[in-house]
Amino acid sequence: WNRYLVIKGDRILIPAAGMKKTQSNVEANPNVEISVATKELAGRFGAGRGFVVKGTARFIDSGAEFEETKAKFPFATRLLEITASSVKQVL
């Protein structure tokens, strides 16, 4: 669902709805590792490009960035912010 992602510098902003268990996990340990891929760009081995992103996460439920996200994605109840510490292309 990469069309929902907003990239700002070293941060990935993701509209969140539900995700209560994920939020609980992030509150206990903010270190995350996610994979992000798109079929719209060529990768190393043909169609599709993918990355593994490591970093820290937090959920945001107020402020300007949350309001911007809510305006674009009305289903969002929170904003998941991932600050990348490393990004590795795998596809």
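The values are calculated or read from the model by the stated rules, or taken from the named source; none is laboratory data. Keep in mind it's a predicted model, so treat the numbers as computed, not measured. Counting neighbours? That spans all protein chains shown, and the Cβs are built from the backbone with ideal geometry, glycine included.
Being at pLDDT 95 or above, in contact with a strand residue (DSSP E or B) (Cβ under 7 Å, 6 or more places away or on another chain) and of a type in the set (S, T, N, Q) is the filter here, so list the residues in segment 1-34 that pass it. Result: GLN23, ASN31.
Within segment 63-77, residues that are over 13 Å from MET19 (Cβ atoms) sit with their Cβ atoms under 8 Å from residues that are modelled with pLDDT under 95 and of a type in the set (A, V, I, L, M), at 6+ positions apart or across chains, in these pairs: THR69/VAL6. Set side by side, the residues PHE73, PHE66, PHE59, PHE45 differ, and just one is within 21 Å of VAL90 (Cα to Cα) and of a type in the set (Phe, Trp, Tyr), which is PHE45. Residues in segment 35-91 that are polar (S, T, N, Q) and closer than 21 Å to PRO15 by Cβ were compared, and the one that is modelled with the lowest pLDDT is THR38.
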